[in-house]
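Q: The structure's right below; bear with me while I get my questions together.
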Amino acid sequence: MSFKETKDKIEYGDTVILHIGYNNMIPLIIKKGETHQTKFGAVKHDAMVGMTYGTRVQCPKGWICTLHPTPELWTLCLPHRTQILYSTDISMIIYQLDLKPGSVVAEAGTGSGSLSHAMLRTVLPTGRLLTFEFHKERSEKALEEFTQHQLKEFVTVTHRDVCGEGFQLNNEVDAVFLDLPKPWECIKSAKDAIKKEGGRLCTFSPCIEQVQRSCDELVKNGFTDITTVECLARNFNIQKAKLQNINLDDGAGDTFSIENENSGESNPKVMKMENTNLDSKQDKKRDNNSIHCFSAAVPVIGMQGHTGFLTFASIYSQ
Amino acid sequence: MSNSVVSEGDYVVFKRDGATRVFQMKKNRQVFFEKAKLSVDELIGQPFGSTFEFERGKIIKVESSRATELQIGGAEVTGADNRNLLDADSNQKMSLDDIMKMKEDGVRGEKIIEVLIENSETFKTKTQFSQAKYLKKKKQKHILRFKLLRPTTRLVVEIFSKEPNKICNMRPDTLSQLLSYSNVRWGSHVGVVETCQGLVLAALLERMGGQGKLIHFIPNTNDTMCRQVMDYFNFPKDHLSNFYYLPITALSNLQETEVKRQTQELGLDSLIPATTDEDFSDSNVKQECKPNQSLELPADEEVLEGEHQSLKELTDTKLVGDEKKNGADVEMLDSTVSQALNTKREMEAARDIKRQQRAERLKVASMIIKEKKLDSLVIACKYNPTPILMKLLDFVPPSRPVVVYCQFIEPLVECYSVIKEKQIGLQLKLSETWFREYQVLPQQTRPSINMSGTGGYLLTFMTTQPCPP
């Protein structure tokens with residue numbers, strides 16, 4: 001039941017996200033009698049059953065945490081069979097496609113199911129995901145995962161190349177998402193799939209040439225409100241940063257010291273070094289060289305510079 | 001909600017290039033949209049998604065076959081570049097008076113543009129791109145064409161694109177992530193602190209699809225609690241019955257005492273729905289909470305009045321002056337009539353029932369908090385988030401997503417440090433989004449000239465318990 005609804009206790013058959021470290025999470029299906037090896041040692045499945053999600057588990061060499069799965073956590077630890085979409089783009093796609101409980105959405109291709117899980121979370125229990133994948137094994141694997149995650153009843157997985165054969169849907173869906181090498185080849189078919197009262201469409205393409213061709217085709221097919229956007233997550237590390245204040249004169253007489261600037265306790269961020277011995281000139285100098293301490297939000301130096309262009313469009317009552 | 005045509009009383013979105021507005025559709029009401037005064041009577045009964053043109057003081061429906069084209073000829077000859085282009089008033093032979101006269105004579109916008117092109121000395125020497133730009137500008141000025149749409153989160157956010165400070169500078173991409181990371185879905189129990197005019201509440205409620213519990217924690221400040229954006233969504237009553245509020249000060253009592261037995265007896269199912277009143281009375285809260293803790297809450301009437309006013313402000317500012325007066329007169333008449341009909345006793349009885357319902361709803365909300373039934377916690381407000389977060393986290397069970405939005409990064413740095421130090425959050429992440437729009441046109445694809453510099457910051461994490469020592 002774990003992806004379908006939130007619950008408190010771990011049961012057999014649940015998918016649990018084992019949190020070992022920030023970049024070290026493993027999805028685990030809880031089975032009777034099994035053991036899982038982590039870098040902190042072995043963890044017994046049976047021991048986890050009945051525990052509250054989010055509590056810590058003692059391993060021989062440390063603690064790990066059992067997290068309740070969410071589509072966002074799943075995206076971070078799912079087995080990759082293709083390139084996947086991450087939560088920044090996924091959020092934008094779901095938002096721009098106006099998805100909500102009850103929406104019917106078509107997706108091509110399924111890929112590793114990263115977006116599919118987030119879409120299913122948003123449209124269930126009255127909505128539906130129709131997902132298409134031209135790679136047979138991938139589509140089978142996706143169905144297997146949806147079944148494990150108790151999402152099977154809300155999803156139809158079809159093994160088909162929509163580029164050649166189309167969606168074969170007639171006015172059935174509220175929204176269409178295309179993540180294909182040649183999305184422009186499916187736009188006509190996507191239009192046919194969208195309900196008579198209108199709907200939304202999104203394409204995800206890494207290259208601008210693909211966007212160009214898709215937009216041309218969208219205009220030709222009567223889509224309007226066409227927008228292309230790019231969004232990237234900028235993550236921050238929080239660090240305790242220290243900067244040294246330097247002497248701004250020769251040290252004699254009244255100096256412009258930090259102490260004068262920030263009198264007394266009014267600025268807790270400025271830590272003055274302990275003045276233990278003022279005998280020598282050197283010590284005096286060091287005394288004036290106080291350290292400025294602060295909490296800094298430092299953008300991660302190496303960040304993802306591009307994922308893909310997202311193109312959105314509307315079609316109104318046909 | 002499934003109604004595909006506009007009914008009287010519905011909120012609808014008017015959308016054209018560069019302008020999105022929301023209006024309530026009421027008979028005999030005029031609205032201001034893009035400097036034009038429109039009477040909306042004819043829009044009632046029209047299907048959502050239709051296109052209209054405002055011409056000669058009338059709203060005319062544009063047939064779908066014509067809705068997407070709107071091509072104006074005159075661009076057969078184009079220049080190579082702008083080396084011979086001189087900036088002079090004489091380039092356009094039509095004077096402002098000529099154009100005004102044409103408008104008065106009821107000449108259609110498209111025709112005016114054609115005349116303007118004919119009388120432009122320079123149009124033919126402009127490059128193809130420059131001609132297209134000229135046409136676009138003139139169309140925007142002389143043709144008022146808009147779509148009539150059903151409000152959705154995406155469209156309602158567009159309304160604030162020119163005044164994002166009203167929603168704490170929250171940008172669509174940030175809101176989209178807030179909605180994802182909070183894991184809100186059908187049936188969720190979500191706790192929210194927000195001061196974004198009700199936008200975050202409405203967006204969450206939309207994702208809950210008529211099931212679950214949405215609890216708005218109300219601060220004990222003197223700020224008027226504005227939730228008018230919730231009205232824009234035309235939520236059906238059963239959706240709104242999932243909306244609760246709880247004064248944030250009531251949490252201390254929940255922490256200290258056991259919930260009274262009577263509260264437990266009152267199961268979650270026995271709540272009386274259809275009380276969507278957003279006000280609450282002082283006495284009720286006191287009944288609900290520990291008597292020795294006084295709650296500084298605005299009195300019943302005050303809140304009502306305040307909300308009414310703010311709601312009026314946003315929806316009615318576009319009303320034409322005399323129309324507004326008429327509306328007010330009618331309202332006053334209505335209220336006097338109803339007063340005459342109702343005897344004082346009846347009114348008091350009705351008030352008692354309402355009061356009771358409110359008290360019961362407060363109890364239901366308290367129960368969810370007390371029993372730690374929250375599935376997610378969302379904070380998006382103009383207050384310092386750290387104390388609020390620390391207070392609320394006591395009521396969130398482990399392994400639940402928490403999203404804190406702030407338009408500044410510094411307060412979130414503090415939240416981050418506290419969560420990290422106390423070891424009560426996993427997958428702790430502080431982020432912002434770099435978001436850019438593109439113009440995609442043949443031979444002219446590039447980023448848009450203007451972009452937003454900030455969409456605010458998000459702190460997201462999953463709750464957990466600290467490692468035992």
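The values are calculated or read from the model by the stated rules, or taken from the named source; none is laboratory data. In this text the structure is predicted, and so the values were computed from the model without any measurement. Every residue, glycine as well, gets a Cβ built from its backbone with ideal geometry; the counts of neighbours run over all protein chains shown. Ligands, DNA and RNA are stripped out before the accessible areas are found, and what is left, the full protein with its side chains, is counted by its heavy atoms. Shrake-Rupley method; radii C 1.70, N 1.55, O 1.52, S 1.80 Å.
Q: With the structure loaded, tell me whether residue B:422 is over 28 Å from the mean Cα position of the chain (by Cα) and either over 30 Å from residue A:217 (Cβ atoms) or open to solvent by 10 Å² or more (accessible area, probe 1.4 Å) (or both) or whether it fails that test.
A: Yes; evaluated as a whole, the condition is true for this residue.
Q: Something else about it: Within the range B:84-117, count every residue that is open to solvent by 50 Å² or more (accessible area, probe 1.4 Å), over 18 Å from residue B:133 (Cβ atoms) and in a helix (DSSP H, G or I).
A: 10
Q: Assess whether residue A:115 counts as being open to solvent by 10 Å² or more (accessible area, probe 1.4 Å), part of a helix (DSSP H, G or I) and of a type in the set (A, V, I, L, M).
A: no
Q: For residue A:45, all conditions in the list (1) open to solvent by 20 Å² or more (accessible area, probe 1.4 Å); (2) touching a strand residue (DSSP E or B) at 6+ places or on another chain (Cβ under 9 Å) hold save one; what is the number of the exception?
A: The failed condition is (1).
Q: Hey, another quick one. Return the residue satisfying two criteria in turn: it lies in the range A:54-69 and is free of Cβ contacts under 8 Å to residues at least 40 places away in the same chain and β-branched (Val, Ile, Thr), and of such residues it is surrounded by the most Cβ atoms within 10 Å (Cβ to Cβ).
A: The selected residue is A:57.
Q: Continuing with this model, one more query. Is it true that residue B:373 is closer than 22 Å to residue B:242 by Cα, at pLDDT below 95, within 12 Å of chain A (Cβ to nearest Cβ) and over 25 Å from the mean Cα position of the chain (by Cα)?
A: yes
Q: Can you pull out the strands (runs of 3 or more DSSP E) entirely within the range A:1-82 that have at least 1 residues that are within 13 Å of chain B (Cβ to nearest Cβ)?
A: So the answer is A:15-21, A:24-29, A:56-59, A:62-67.
Q: Just a yes or no: is a residue in the range A:4-26 farther than 30 Å from residue A:236 by Cβ, modelled with pLDDT under 90, crowded, with 16+ Cβ neighbours inside 10 Å and touching a helix residue (DSSP H, G or I) at 6+ places or on another chain (Cβ under 9 Å)?
A: Within the range A:4-26, one or more residues are farther than 30 Å from residue A:236 by Cβ, modelled with pLDDT under 90, crowded, with 16+ Cβ neighbours inside 10 Å and touching a helix residue (DSSP H, G or I) at 6+ places or on another chain (Cβ under 9 Å).
Q: In the range A:156-184, how many residues are among the hydrophobic types (A, V, I, L, M, F, W, C) and more than 24 Å from the chain's Cα centre (by Cα)?
A: 6
Q: Quickly run through the range B:39-60 and pick out the residues that are crowded, with 16+ Cβ neighbours inside 10 Å and more than 14 Å from every other protein chain (Cβ to nearest Cβ).
A: B:39, B:40, B:43, B:44, B:53, B:54, B:55, B:59
Q: When only residues in the range B:393-416 that are closer than 21 Å to residue A:56 by Cβ and surrounded by fewer than 24 Cβ atoms within 10 Å (Cβ to Cβ) count, which is nearest to the other protein chains (Cβ to nearest Cβ)?
A: Selected residue: B:398.
Q: Further, regarding this structure: Given the structure, is residue A:88 buried (at least 23 other Cβ atoms within 10 Å of the Cβ) and within 14 Å of chain B (Cβ to nearest Cβ)?
A: no
Q: Could you grab me the full set of residues in the range B:373-398 that are basic (Lys, Arg) and closer than 22 Å to residue B:207 by Cβ?
A: B:373
Q: From the list B:201, B:205, B:214, which residue is within 19 Å of residue B:456 (Cβ to Cβ) and among the aliphatic types (A, V, I, L, M)?
A: One residue alone meets the criteria, B:201.
Q: Could I ask something else about it? Is it true that residue B:378 is crowded, with 21+ Cβ neighbours inside 10 Å, more than 26 Å from residue B:224 (Cβ to Cβ), more than 10 Å from chain A (Cβ to nearest Cβ) and touching a strand residue (DSSP E or B) at 6+ places or on another chain (Cβ under 7 Å)?
A: Considered against the rule, which asks whether it is crowded, with 21+ Cβ neighbours inside 10 Å, more than 26 Å from residue B:224 (Cβ to Cβ), more than 10 Å from chain A (Cβ to nearest Cβ) and touching a strand residue (DSSP E or B) at 6+ places or on another chain (Cβ under 7 Å), residue B:378 comes out as no.
Q: Only residues in the range B:202-218 that are more than 9 Å from chain A (Cβ to nearest Cβ) and of a type in the set (Lys, Arg) count as the first member; pair them with residues that are open to solvent by less than 10 Å² (accessible area, probe 1.4 Å) and in a helix (DSSP H, G or I), Cβ under 9 angstrom, at least 6 apart or cross-chain, and list the lot.
A: Here the result reads B:213/B:364; B:213/B:365; B:213/B:368, each pair linking the range B:202-218 to a residue that is open to solvent by less than 10 Å² (accessible area, probe 1.4 Å) and in a helix (DSSP H, G or I).
Q: Condition check: without any contact (Cβ under 8 Å) to a residue 40 or more places away in the chain, of a type in the set (Val, Ile, Thr) and within 28 Å of residue A:75 (Cα to Cα). Does residue B:413 satisfy that?
A: When the stated conditions are applied, residue B:413 passes them.
Q: Tell me which of these residue B:67 doesn't satisfy, since it passes every other one: (1) open to solvent by 80 Å² or more (accessible area, probe 1.4 Å); (2) within 14 Å of another protein chain (Cβ to nearest Cβ); (3) modelled with pLDDT under 75.
A: Against the list (1) open to solvent by 80 Å² or more (accessible area, probe 1.4 Å); (2) within 14 Å of another protein chain (Cβ to nearest Cβ); (3) modelled with pLDDT under 75, residue B:67 comes up short only on (1).
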